[in-house]
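Here's the structure we're looking at; comments come further down.
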Amino acid sequence: MELELRHLRVLCAIADTGSVGRAAALLGASQPATSTQLRRIERHLGAPLFERTAAGVTPTCFGVEVLVAARDLLSRADGLGRRPEEEGGPAPRRDLRLAATISPILPGLVTRARHQQPEQRFTVSTVYRSSDIVDLLERGEADVAVAVDYPGRELRHSPAVAHRGIATEPAFVLLPAGHRLRHRTEVALVDLAAEDWFLTPDDGAGWHRVFLGACAAAGFTPARVHEYLGGRLELQEMVAAGLGISVVQATTRPLAEVVVKPLAGAPIWSRHVLVWRPAGVGGEVVETLFGAATAAYRDLMAASAPFQAWAARTYRPTRP
């Protein structure tokens, strides 16, 4: 087969909705037909593009790379023959108001975006709750943002706001370097039932329900939970001191006194999301920011030995 633009649109629809069924409905096709088309595309490319989970599907590492290229091609194709005066969006030199959660993606995103569009100026603000970020966009007080949501608990907003998933990743666990489970390749969540946990506050996207739901599914309620809102280094120092353990992002780079371990079966997933106001941000800017965000995330993956080891075990290319 030869890849066509319609195949790329299928891949993007699956990634954006997090589900083959929802993508099929969006495209006006049946779920079996969309599933068959996805399998044909994966066979053509020689590796899985999505990981199937109970909550839907999430892109594999290879899938992220394919989606970035697909979106770039689709954006260029959609722009063919379009005159500059037909483009919507703000004047290019207006400050772009960027809001973001405390995300490791942010530095790389802004650096790349400034390099690719040096005429575009940015005003950056940090907002903890993803729901507050949506409110800022709805009120027109921000133009674009990086937020977080969870498979099955996707970000809610009005039609005046749009969003696109940057990357979906499993949660890992941060343990003291001398922890009894430090030598395990993966740690079962149930084996941590008696531990004290550091848990960040409610993020307006369902984090507490996701974490406590995963614990309940594993058959336990955390013995003690300490609410924590602070820097990543301070969290690692408290875990190193034996004060508790914590769920962390898969790309976390540990200090010498702690270890980062995957959770067996990947029971907790989160998604980094680009969110924007289409009336205030042009399509070219959105594509630039999305490409910068996904590239920043790939850099984080490449710099994380625990994530690389987990991905190598989990995603094994299939033969064409």
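The values are calculated or read from the model by the stated rules, or taken from the named source; none is laboratory data. Keep in mind that this is a model prediction, so the values were computed, not measured. Don't worry about glycine lacking a Cβ; one is built from the backbone with ideal geometry, like all the others, and counts go over all protein chains shown.
If I filter the range 139-153 for residues that are at pLDDT below 80 and in contact with a strand residue (DSSP E or B) (Cβ under 7 Å, 6 or more places away or on another chain), do I get at least one hit? No; the residues of the range 139-153 include none that is at pLDDT below 80 and in contact with a strand residue (DSSP E or B) (Cβ under 7 Å, 6 or more places away or on another chain).
Reported count of residues in the range 257-290, each being closer than 24 Å to A205 by Cβ and in a helix (DSSP H, G or I), is 3. Filtering L109, L212 for residues that are surrounded by fewer than 16 Cβ atoms within 10 Å (Cβ to Cβ) and within 30 Å of R52 (Cβ to Cβ) leaves a single hit, L212. Contact map, the range 238-250: first residue on the phi > 0 side of the Ramachandran plot and assigned by TED's automatic domain parsing to the domain that holds K261, second residue at pLDDT below 95 and of a type in the set (D, E, K, R), Cβ cut-off under 8 Å, separation 6 or more or different chains; pairs are G244/R224.
Taking the numbered list (1) among the charged types (D, E, K, R); (2) over 30 Å from A302 (Cβ atoms); (3) in a helix (DSSP H, G or I) in turn, D202 passes all entries but (3). Out of V110, V64, V127, one residue alone is within 19 Å of T17 (Cα to Cα) and either modelled with pLDDT of 80 or more or not assigned by TED's automatic domain parsing to the domain that holds A279 (or both). It is V64. Of the residues making up the range 266-274, one or more are aliphatic (A, V, I, L, M), closer than 30 Å to R114 by Cα and in contact (Cβ under 8 Å) with a residue 40 or more places away in the chain. Report yes if some residue within the range 158-173 is touching an Asp or Glu at 6+ places or on another chain (Cβ under 7 Å), farther than 27 Å from P306 by Cα, part of a loop (DSSP other than H, G, I, E, B) and of a type in the set (A, V, I, L, M); otherwise report no. There is at least one residue in the range 158-173 that is touching an Asp or Glu at 6+ places or on another chain (Cβ under 7 Å), farther than 27 Å from P306 by Cα, part of a loop (DSSP other than H, G, I, E, B) and of a type in the set (A, V, I, L, M). Residues in the range 187-207 that are surrounded by fewer than 16 Cβ atoms within 10 Å (Cβ to Cβ), at pLDDT 95 or above and under 24 Å from the mean Cα position of the chain (by Cα): A188 alone. On the basis of being in a helix (DSSP H, G or I) and in contact with a Gly (Cβ under 7 Å, 6 or more places away or on another chain), does A309 make the cut? Criteria not met by A309.
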